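Below is one structure; the comments refer to it alone.
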């Protein structure tokens, strides 16, 4: 193999390892984690008012009680059985930021990805897929 290619592979591997260490060490801001926890708890308790309480006007209009009930039906049993939320990181978006969490459910192989969009302390969007 060409020495330039080998050197490039070593440098790339080192950069990837450094990024992975920084990524794994990331933590959500306390305010963002509190919002995330409140939303998850609201789903677990089927508490629509609590779920939309920190939302901006658009979030409150888009998240109807029927949509919330459907989400509760799909997620509450898994969440109430036990879960682990792992913060994956955030990006800046439209004057706010979007955070990602990996959700691992007890006794279930499949994992889910939660996305929370916040601007000025208000929830703009929250999805779990």
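Please treat every number below as a calculation from the coordinates, not as lab data. Quantities reported herein were computed from a predicted structural model and do not represent experimental measurements. Heads up, the Cβs are rebuilt from the backbone with ideal geometry, glycines too, and the neighbour counts pull from every protein chain shown.
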Quiz item: So for region 28-128: antiparallel DSSP bridges make up what percent, rounded to the nearest 5?
Solution: 95
Practice problem: Over region 28-128, consider all pairs of different Cα atoms and compute the Kirkwood hydrodynamic radius from their mean reciprocal separation; express it in Å, one decimal. | Solution: 13.7
Quiz item: Using the per-residue mean of other Cβ atoms lying within 10 Å as a proxy for protection, in what order, highest first, do the peptides 49-59, 104-114 fall?
Solution: 49-59, 104-114
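At 0.36 nm per residue, and after removing the present C-alpha to C-alpha distance, how many nm does the segment from residue 33 to residue 74 gain when stretched out fully?
Going from the current span to full extension adds 12.5 nm.
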Quiz prompt | FRET efficiency, 1/(1 + (r/R0)^6) with R0 25 Å, evaluated for residue 41 and residue 86 via beta carbons | solution = 0.90
